[in-house]
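Visitor: Here it is, the structure in full.
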Amino acid sequence: MSDIRLAFSHPLERAVATADDRPRDRISLRDHIVEVEIGAFQAERGTTQRIRFDVVVEVRPASQPLDDDVDRILSYDRVTEAIATELAAERVNLLETLAERIAERILLEPMAMRAFVRIEKLDRGPGALGVEIVRSRRDLPRDLHLVRDEDRPHPVIVYLSNAAIASDRLPHWLDGLEAAGRPAILCVGAPDLPAPVARAPLAQRRIDLLALEQNAWVLAGRDARCVVVESRTELDWAMKHGQISVWAPSKIVLDAVESPEAQPRDAVALAAWLGRQMQAAELVVVGETPPEGAGIAVRALQPAAETL
């Protein structure tokens, strides 16, 4: 009965019940409610719902007097910032994924030792539906690296028209990108084939995004250095390791907290949107008309260009 009671108690009670003999200070966040779009079901897309967060963090006792100095503690703001940062990063399907990411971000704080994260959906039924996880510092993946915005590389986004994809100069352009040593993300439009037409706008959007991804694989088939990637995590890893990426847009576009105004059929404008999201150094458009008001530096080239 005690185990059952603890399973439904506030995370603070679980923290106390599962503590070892070492002294631990704890900070807690209760009933933090945010309205957000989340969920794996189609009915949960395009609408928001209330999510409640309860978080308890066990912290290492301070090694020196606090002297009433906020810089010597783990501030509550770091907990709410971890929640806000992960909610703003991308749309997620699972509460489990969100809880894991929040716990990992909290545990990167030097003083944090264990994190109890409970997340509940308040609008999906007559009661609260949720998950609760417990993670400790030793649970962090050894290769975990949460990149701060100021530490991210600034890639070059290269949009290739279908003529550019088919060009014999493609290997030379890739040679130049590798030699320049800058992270590169390649974007494409739809193939020169009739696309299916759907009556529903959301269905058509999916179809058009899939058309871009088909063409991404056509480009990948032209040169083994072109690797198709779909998530922000994959793009960050590729830039860090010098890999040339070809963007498959569906996941990032559909999971964006603020959806792009550009539609998939305006693939050049969509590439500019990606450039803004990735804080790109520039957008190079090969074989198409550059978009107006791209928000980043833009350079236009013809498919006959010697180098990018």
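The values are calculated or read from the model by the stated rules, or taken from the named source; none is laboratory data. Nothing here was measured: the structure is a model prediction, and the numbers come from that model. With ideal geometry, Cβ positions are generated from the backbone for all residues, glycine too; neighbour counts draw on all protein chains shown.
Visitor: Conditions: (1) out of contact with any Ser or Thr (no Cβ under 9 Å at 6 or more places or on another chain); (2) closer than 26 Å to Ala84 by Cα. Gln263 meets all but one. Number of the miss?
Guide: (2)
Each row is one residue, and each column tells you yes or no for (1) part of a strand (DSSP E or B); (2) in the same structural domain as Trp247 (by TED's automatic domain parsing); (3) in contact with a His (Cβ under 8 Å, 6 or more places away or on another chain); (4) within 25 Å of His241 (Cβ to Cβ).
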position	(1), (2), (3), (4)
Asp168	no, yes, no, no
Gly176	no, yes, no, yes
Ala179	no, yes, no, yes
Leu186	yes, yes, no, yes
Asp192	no, yes, no, no
Ala195	no, yes, no, no
Arg199	no, yes, no, no
Leu202	no, yes, no, no
Leu210	no, yes, no, no
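Visitor: Tally up the residues in segment 218-258 that are touching a residue at least 12 places away in the same chain (Cβ under 8 Å) and closer than 30 Å to Glu44 by Cα, please.
Guide: Within segment 218-258, residues that are touching a residue at least 12 places away in the same chain (Cβ under 8 Å) and closer than 30 Å to Glu44 by Cα number 19.
Yes or no, residue by residue, for (1) surrounded by 14 or more Cβ atoms within 10 Å (Cβ to Cβ); (2) of a type in the set (A, V, I, L, M):
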position	(1), (2)
Gln214	yes, no
Gly221	no, no
Val229	yes, yes
Arg232	yes, no
Val253	yes, yes
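Visitor: May I pose another question? Go through segment 240-253 and give me each residue that's modelled with pLDDT of 90 or more and part of a helix (DSSP H, G or I).
Guide: Once the filter is applied, which keeps residues that are modelled with pLDDT of 90 or more and part of a helix (DSSP H, G or I), segment 240-253 yields Ser250, Lys251, Ile252, Val253.
Visitor: Right, here's the next one. Mind checking which residues of segment 266-289 are surrounded by 17 or more Cβ atoms within 10 Å (Cβ to Cβ) and in a loop (DSSP other than H, G, I, E, B)?
Guide: Passing the criteria: Met278, Ala280, Gly287, Glu288.
Visitor: Hey, another quick one. Tally time: how many residues in segment 149-207 are at positive phi and among the hydrophobic types (A, V, I, L, M, F, W, C)?
Guide: Selection size over segment 149-207: 0.
Visitor: Do you know which of the residues in segment 14-70 that are within 30 Å of the chain's Cα centre (by Cα) and at positive phi is modelled with the highest pLDDT?
Guide: Checked segment 14-70; the qualifying residue modelled with the highest pLDDT is Asp31.
Visitor: Do we have Arg276 as charged (D, E, K, R) and in contact with an Asp or Glu (Cβ under 8 Å, 6 or more places away or on another chain) here?
Guide: no
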